[in-house]
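Novice: Encoded as structure tokens, here's the structure I'll be asking about.
The values are calculated or read from the model by the stated rules, or taken from the named source; none is laboratory data. Everything quoted here is computed from the prediction, not taken from an experiment. As a convention, Cβ positions derive from the backbone with ideal geometry for all residues, glycine included, and neighbour counts pool all protein chains shown.
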Amino acid sequence: MSPIQILIKELADKYGRQRESLLPVMQGVIERENYLSEYSMVEIAREMDLPAAEVYGTATFYSFMEVKPMGRFVLRICKTITCSMKGKNQVLFAIQDMLKIKVGETSADGRFTLLQTNCLGLCHKAPAMLINHTPFTNLTPEKVRDILSEYMKK
């Protein structure tokens, strides 16, 4: 068995093989692999006795389930009107300038991926972003440069 097959079997043993266990199994793979590869989706379908199309459809439905390789640090910038009105574009330009990537790209060293996402639920502290699971709010270009400088040291 491959390492991913072992992981999926362990996750299915833990959460069950019913359809309602699909999300926790997928999330477990994402935590380890940082995304869902085609191979992992097929293996999840096999282990849980589900159609591969159902696994793929579920993965692509949710915005936080990535189906392509991501950087070690995934930056998700909120793209709601509230964040836009409070300076999201200036923050985004600062990130793109500092990391030398555009939205949807991963840095050449594989450390950073930049994405935009719908509401993060932090509109009262806009503009906001997540780096992996850590929220950052009330962003300014200067503040985001300081944050990224710290992540570049990791």
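Novice: For region 17-31, which positions are surrounded by 13 or more Cβ atoms within 10 Å (Cβ to Cβ) and either among the aromatic types (Phe, Trp, Tyr) or closer than 12 Å to residue 70 by Cα (or both)?
Specialist: Within region 17-31, the subset surrounded by 13 or more Cβ atoms within 10 Å (Cβ to Cβ) is 17, 21-30.
30 - this is the single residue of region 17-31 that is surrounded by 13 or more Cβ atoms within 10 Å (Cβ to Cβ) and either among the aromatic types (Phe, Trp, Tyr) or closer than 12 Å to residue 70 by Cα (or both).
Novice: With respect to residue 136, is the statement that it is touching a Leu at 6+ places or on another chain (Cβ under 6 Å), more than 30 Å from residue 17 (Cβ to Cβ) and surrounded by 14 or more Cβ atoms within 10 Å (Cβ to Cβ) true?
Specialist: On the way: touching a Leu at 6+ places or on another chain (Cβ under 6 Å): no; more than 30 Å from residue 17 (Cβ to Cβ): yes; surrounded by 14 or more Cβ atoms within 10 Å (Cβ to Cβ): yes.
In short, no.
Yes/no per residue for (1) under 24 Å from residue 65 (Cβ atoms); (2) touching a Gly at 6+ places or on another chain (Cβ under 7 Å):
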{"position": "100", "(1), (2)": "no, no"}
{"position": "105", "(1), (2)": "yes, no"}
{"position": "113", "(1), (2)": "yes, yes"}
{"position": "117", "(1), (2)": "yes, no"}
{"position": "124", "(1), (2)": "no, no"}
{"position": "131", "(1), (2)": "yes, no"}
{"position": "136", "(1), (2)": "yes, no"}
{"position": "142", "(1), (2)": "no, no"}
{"position": "150", "(1), (2)": "no, no"}
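Novice: Residues being without any contact (Cβ under 8 Å) to a residue 24 or more places away in the chain, hydrophobic (A, V, I, L, M, F, W, C) and in a helix (DSSP H, G or I): count how many of those fall in region 1-12.
Specialist: Qualifying residue count, region 1-12: 2.
Novice: Sticking with this structure for a sec: If the Cβ limit is 8 Å and pairs must be 6+ apart or interchain, which residue in region 38-64 that is outside any helix (DSSP H, G or I) pairs with which residue that is β-branched (Val, Ile, Thr)?
Specialist: From region 38-64, the pairs are 50/44; 63/117; 64/117.
Novice: I'd like to check something: does region 13-34 contain any residue that is modelled with pLDDT under 95, under 20 Å from the mean Cα position of the chain (by Cα) and assigned to a loop (DSSP other than H, G, I, E, B)?
Specialist: The answer is yes; a qualifying residue exists.
Novice: Here are some residues: 71, 110. Which one is small (Gly, Ala, Ser), modelled with pLDDT under 95 and touching a Ser or Thr at 6+ places or on another chain (Cβ under 7 Å)?
Specialist: Numbers: 110 fails: touching a Ser or Thr at 6+ places or on another chain (Cβ under 7 Å).
It is 71.
Novice: Output the number of residues of region 1-16 satisfying the condition of being buried (at least 18 other Cβ atoms within 10 Å of the Cβ) and polar (S, T, N, Q).
Specialist: So the count comes out to 0.
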